[in-house]
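Beneath this line is the structure, given in structure tokens, with notes to follow.
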Amino acid sequence: MAPDPNRAGTSASTSAAKDDAISKKKVENEDLSDEDLALKQQLDLYVERVQDADPGLQKVALESMRQEIRTSTSSMTSVPKPLKFLRPHYGTLKTYYETMAESDLKKYLADILSVLALTMSAEGERESLKYRLLGSEGDIGSWGHEYVRNLAGEIAQEYAKRQSEETPIDDLMELVQQIVAFHMKHNAEPEAVDLLMEVEDLGMLSAHVDKTNFKRTCLYLTSSASCAEDTVDWESGFTDNFFFSYRGSESSKYLPGPDDMLVLDIAYSIYKQFEEYPNALQIALFMDNMKHVRDVFISCNDVLRKKQFCYMLARHGITFELDEEMAADDDREMFQDIINNSKLSEGYLTLARDIEVTEPKSPEDIYKAHLLDGRASAGASVDSARQNLAATFVNAFVNAGFGQDKLMTVPSDSSSSASSGNWLFKNKEHGKTSAAASLGMILLWDVDSGLAQLDKYFHSNDNHVIAGALLGVGIVNCSIKNDCDPVGFFYPYAMALLGDYIDKEDTSIRIGAIMGLGIAYAGSQNEQLREKLTGVLNDSKASLDVLAFTAISLGLIFVGSCNEEIAQAIIYTLMDRSESELGEPLTRLLPLGLGLLYLGKQDSVEATAEVSKTFNEKIRKYCDMTLLSCAYAGTGNVLKVQNLLGHCSQHLDKGETHQGPAVLGIAMVAMAEELGLEMAIRSLEHLLQYGEQNIRRAVPLALGLLCISNPKVNVMDTLSRLSHDTDSEVAMAAVISLGLIGAGTNNARIAGMLRNLSSYYYKDTSLLFCVRIAQGLVHLGKGLLTLNPYHSDRFLLSPTALAGLITMLHACLDMKAIVLGKYHYVLYFLVLAMQPRMLLTVDENLKPLSVPVRVGQAVDVVGQAGRPKTITGFQTHSTPVLLAAGDRAELATEKYLPLSPILEGFVILKENPDYREE
């Protein structure tokens, strides 16, 4: 019979394949060193023995194989040799495993297959986990870190699958226990936290933390929660109608609410468990949980630490009253004094004396007109009311809190022509209001002197002067609370002085009193004031401007309180406005007052937002954007930024105004952390290129808010370019924003830009006014103050500070009607955000104590192993010192121990008992 040609071909190809395999094996074997070859042959032999019928031989082979794998995976830099040589046998061992009867040997083999699956398993098969669950329950860490890490990843996938199928997860949770214990012992706290987040059982963490790892664990927990919704990967693409696509990255979906609060709660309880009370207090403030704040005071028995807590509460700007449980009667008055910020003026002046800047400065010292060419200095000498008003503001901003200046506090018998009375009357009508109020700014935080000096203006016959004095009283009391009133209300002076003027007939006096109360009582949630001011809102005879400032003051006093009664009062006021009134620029402050009630409260705004959809179409969208941006301010919520960008992408008619607050809203939401902030700046650049005019007018203000008191070079250049824009409103907004980003920094580059702009715009009184305001802001408090609402290493956001800033920025959306009109005193809302940018160390008796500190750029050390340096590029100074944006300080001596984890503001030092002089 003739041979089959096909079969001949097949056998020939089979033998050829065998020859190839043999020759390949030879080449492979020739590449190996003698030692590796011996190991390979040894492992091949073990694989054969595992399949032997004799259980004794099987056991020895499995033990030997386990030993080889374990010793090689303990330090893993590349694929270990045993795993590499066993890879070809993975299929064989899997097949043999299926045929084995249930026994300990089968479990041993499952362990080995689980480790081999680390390199061999197909994507999504989760074979490593499958065999681990079938294997023996030995020490999981003995197979090495990489194996444990891989297992954790597979558990997360398996957990999600079982949850959707609603099958039991008990075996998984046992494994999770082992993995978490292993990670926590081996400095891999972030991996343990990630795994527990994936399996939704963070409560397990508290059983595994100890004194060596709780700080790193809590640092990772707080950073993942506080940046839960804000680490963003924004992509801006454009179609013909200018559309943004905006996509959140993985970590933005990482901890949606309410998970972020759960994580912070666990960090809070761990800190409390280890008596790290200052950190626990910071988390309680971040969560805005007054019950937790109270618990921290009750749990801690150390009087000195409690003083430090009081300083932290004072810096955050919240109203908090201690009871007998929180502090003993002997100490309570002193503690309450610190919380009420009564030491702020004293500390600020200590800083000023140390840095030697107590000498008052005049507006001319700031303008430095002598550095410019002839035309500008000639223009500047004209004594116009507008320029005098600008000088009033510059003088107030520069000498804020110093208690003396060269215009307002000069004694009347002085030979100088610029004595207080004279300067006041160099301003016209409403200009006198700002001039009188500027005295409050100069005497900021010094309540006794401030009230004494303002008192003379209350006897004036000029209503504008009285209005200014009332506003000045509010400014002096800003951030300072006083509880010596028997009824138990704070700030009795402000209440008594201003309360009587709310119902006067004169509009300017009413506004002065109402605005003064809003600034003095910001964040206090004072019920007595709620009744007084809602009464004004319900007054049918009240003018629109009185109603607008009443809504703002109520928003400031009850900021973030979600108070329904006030919300209803403002909603009714908006509904009662006529069509023509809704077109007035000041009407826009009514929705802002409503928005401030929900500042940072996210979903709580939804019911009010639904009601706002029933408003007149003229104000409906404006109100919607304002409520949305306020409610999500400082959260970094990606979806809300996307929503706001969507509104900005539409090309609308000229009359539409709601895109202004939408642009500001992008900045308000995205300012929460650095990455979101950078991406927002990029998106705003696109808006400048493609947006309508009303959007372009708001972009500089949004940039100003994003980089407030933090002059980033790229933003500075953008604003410098926009300050020469053909649209004067864009130019004005850019100039004011230059002042905001440089506020309190004395930045020489911005100061130079503004000097040149004063020369460029010397004929344009409106723009020159804006340039002067910006110059005053750059030299705010002679460089000792900041407007940044974030503090404590950018961890905490002061709601009253942010409220003051956004009120002023909303007013700047219509610069010509409000700031350049007769309501320029809205600029004084900035006082709510003014804080000394200092580190002042004090001893146990709260007296200033000078110690060496290192000040440098803060470094993010979250999730890093060991004890990494927290600052870089540092210089050593003696306290008190100034801290710029992004700076962090640490003690340069071991002689003292700080009682606050973050060296900012007032920090109490106690002597280190273990310190020995060298």
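The values are calculated or read from the model by the stated rules, or taken from the named source; none is laboratory data. Just so it is clear, the model here is predicted, and its values are computed rather than measured. All Cβ positions, glycine included, derive from the backbone under ideal geometry; neighbour counts span all protein chains shown. The area values use the complete protein model at the heavy-atom level, side chains included, leaving out ligands, DNA and RNA. Shrake-Rupley method; radii C 1.70, N 1.55, O 1.52, S 1.80 Å.
Mind checking which pairs have a first residue in region 593-617 that is of a type in the set (Gly, Ala, Ser) and a second that is outside any helix (DSSP H, G or I) and surrounded by fewer than 17 Cβ atoms within 10 Å (Cβ to Cβ), Cβ under 6 Å, 6 or more apart or different chains?
Taking only residues 6 or more apart or on different chains, the pairs are Ser604/Cys562.
Filter region 455-494 for residues that are small (Gly, Ala, Ser) and open to solvent by 20 Å² or more (accessible area, probe 1.4 Å); which is modelled with the lowest pLDDT?
Step one: filter region 455-494 for residues small (Gly, Ala, Ser), giving 460, 467-469, 472, 474, 479, 488, 494.
After this cut, where a residue has to be open to solvent by 20 Å² or more (accessible area, probe 1.4 Å) as well, the list is 460, 479, 488.
Details: Ser460: 84, Ser479: 86, Gly488: 33.
By that ranking, first place goes to Gly488.
Return the residue satisfying two criteria in turn: it lies in region 276-298 and is among the polar types (S, T, N, Q) and at pLDDT 90 or above, and of such residues it is surrounded by the fewest Cβ atoms within 10 Å (Cβ to Cβ).
Here is the first cut: in region 276-298, the ones among the polar types (S, T, N, Q) are 279, 282, 289.
Those left that are additionally at pLDDT 90 or above: 279, 282.
Working: Asn279: 23, Gln282: 26.
That would be Asn279.
If you go through region 785-797, how many residues are surrounded by fewer than 24 Cβ atoms within 10 Å (Cβ to Cβ) and under 16 Å from Gly739 (Cβ atoms)?
1
Given the criterion surrounded by 14 or more Cβ atoms within 10 Å (Cβ to Cβ), in contact with a helix residue (DSSP H, G or I) (Cβ under 9 Å, 6 or more places away or on another chain) and farther than 30 Å from Ile270 by Cβ, identify the matching residue among Tyr311, Tyr367. Step through it out loud before you land on a result.
Details: Tyr311 fails: farther than 30 Å from Ile270 by Cβ.
Only one candidate qualifies: Tyr367.
Can you name every residue in region 702-747 that is in contact with a His (Cβ under 9 Å, 6 or more places away or on another chain) and under 13 Å from Cys812 (Cα atoms)?
Ala731, Ala734
For region 136-149, which residues satisfy the criterion of being open to solvent by 10 Å² or more (accessible area, probe 1.4 Å) and outside any helix (DSSP H, G or I)? Give the derivation first.
Going residue by residue through region 136-149, those that are open to solvent by 10 Å² or more (accessible area, probe 1.4 Å) are 136-139, 141-142, 145-146, 149.
Ser136, Glu137, Gly138, Asp139 - these are the residues of region 136-149 that are open to solvent by 10 Å² or more (accessible area, probe 1.4 Å) and outside any helix (DSSP H, G or I).
Residue under question is Phe874, and the condition is that it be farther than 27 Å from Val398 by Cα, crowded, with 17+ Cβ neighbours inside 10 Å and not polar (S, T, N, Q); does it hold? If you could, list the steps in order and put the result at the bottom.
Working: farther than 27 Å from Val398 by Cα: yes; crowded, with 17+ Cβ neighbours inside 10 Å: yes; not polar (S, T, N, Q): yes.
Taking the combined requirement at face value, the residue satisfies it.
Report whether or not Thr119 is free of Cβ contacts under 8 Å to residues at least 12 places away in the same chain and assigned to a helix (DSSP H, G or I). It would help to see each step written out before you state the result.
Working: free of Cβ contacts under 8 Å to residues at least 12 places away in the same chain: no; assigned to a helix (DSSP H, G or I): yes.
For Thr119, the condition - free of Cβ contacts under 8 Å to residues at least 12 places away in the same chain and assigned to a helix (DSSP H, G or I) - is not met.
Give the residues of region 499-534 that are hydroxyl-bearing (Ser, Thr, Tyr), free of Cβ contacts under 8 Å to residues at least 60 places away in the same chain, open to solvent by 10 Å² or more (accessible area, probe 1.4 Å) and farther than 23 Å from Ser460 by Cα, sorted by residue number.
Of the residues in region 499-534, the ones hydroxyl-bearing (Ser, Thr, Tyr) are 501, 507-508, 521, 524, 534.
Narrowing further to those that are free of Cβ contacts under 8 Å to residues at least 60 places away in the same chain: 501, 507, 521, 534.
Next cut, open to solvent by 10 Å² or more (accessible area, probe 1.4 Å) only: 501, 507, 534.
Answer for region 499-534, where residues must be hydroxyl-bearing (Ser, Thr, Tyr), free of Cβ contacts under 8 Å to residues at least 60 places away in the same chain, open to solvent by 10 Å² or more (accessible area, probe 1.4 Å) and farther than 23 Å from Ser460 by Cα: just Thr534.
Within region 613-633, does at least one residue satisfy the condition of being over 23 Å from the mean Cα position of the chain (by Cα) and among the aromatic types (Phe, Trp, Tyr)? Steps first, please.
First pass over region 613-633, keeping only residues over 23 Å from the mean Cα position of the chain (by Cα): 613-624.
With among the aromatic types (Phe, Trp, Tyr) added as a condition, the list becomes 615, 622.
Among the residues of region 613-633, at least one is over 23 Å from the mean Cα position of the chain (by Cα) and among the aromatic types (Phe, Trp, Tyr), which makes the answer yes.
Can you find, within region 161-211, the residue that is nearest to the chain's Cα centre (by Cα) among those that are among the acidic types (Asp, Glu) and part of a helix (DSSP H, G or I)?
Asp194
Find the residue count for region 268-281, including only residues that are within 18 Å of the chain's Cα centre (by Cα) and among the small types (Gly, Ala, Ser). Let's see the steps before the verdict.
Just the residues of region 268-281 that are within 18 Å of the chain's Cα centre (by Cα), to begin with: 279-281.
Next, from what is left, pick out any that are among the small types (Gly, Ala, Ser): 280.
So the count comes out to 1.
Could you check how many residues of region 37-63 are open to solvent by less than 40 Å² (accessible area, probe 1.4 Å) and either modelled with pLDDT under 75 or within 14 Å of Leu93 (Cβ to Cβ) (or both)?
Counting residues in region 37-63 that are open to solvent by less than 40 Å² (accessible area, probe 1.4 Å) and either modelled with pLDDT under 75 or within 14 Å of Leu93 (Cβ to Cβ) (or both) gives 8.
So which pairs qualify, if the first residue must be in region 81-104 and surrounded by 12 or more Cβ atoms within 10 Å (Cβ to Cβ), the second must be in a loop (DSSP other than H, G, I, E, B) and of a type in the set (S, T, N, Q), the Cβ gap must be under 6 Å, and the two must be at least 6 apart or on different chains?
Close Cβ pairs satisfying both conditions: Tyr96/Gln51.
Output yes when any residue across region 798-818 is basic (Lys, Arg) and open to solvent by less than 20 Å² (accessible area, probe 1.4 Å), and no when none is.
Of the residues in region 798-818, the ones basic (Lys, Arg) are 816.
If we keep only those that are open to solvent by less than 20 Å² (accessible area, probe 1.4 Å) as well, we get none.
So far as region 798-818 goes, no, none of its residues is basic (Lys, Arg) and open to solvent by less than 20 Å² (accessible area, probe 1.4 Å).
Residue by residue, here is whether (1) under 23 Å from His316 (Cα atoms); (2) of a type in the set (Gly, Ala, Ser); (3) touching a helix residue (DSSP H, G or I) at 6+ places or on another chain (Cβ under 7 Å) holds:
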residue	(1), (2), (3)
Val831	yes, no, yes
Pro836	yes, no, yes
Val842	yes, no, no
Pro848	yes, no, yes
Pro852	no, no, no
Val862	no, no, yes
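Residues to consider are Leu554, Leu599, Leu586; find the one that is hydrophobic (A, V, I, L, M, F, W, C), assigned to a helix (DSSP H, G or I) and crowded, with 24+ Cβ neighbours inside 10 Å.
Values: Leu599 fails: assigned to a helix (DSSP H, G or I); Leu586 fails: crowded, with 24+ Cβ neighbours inside 10 Å.
After ruling out the rest, the residue left standing is Leu554.
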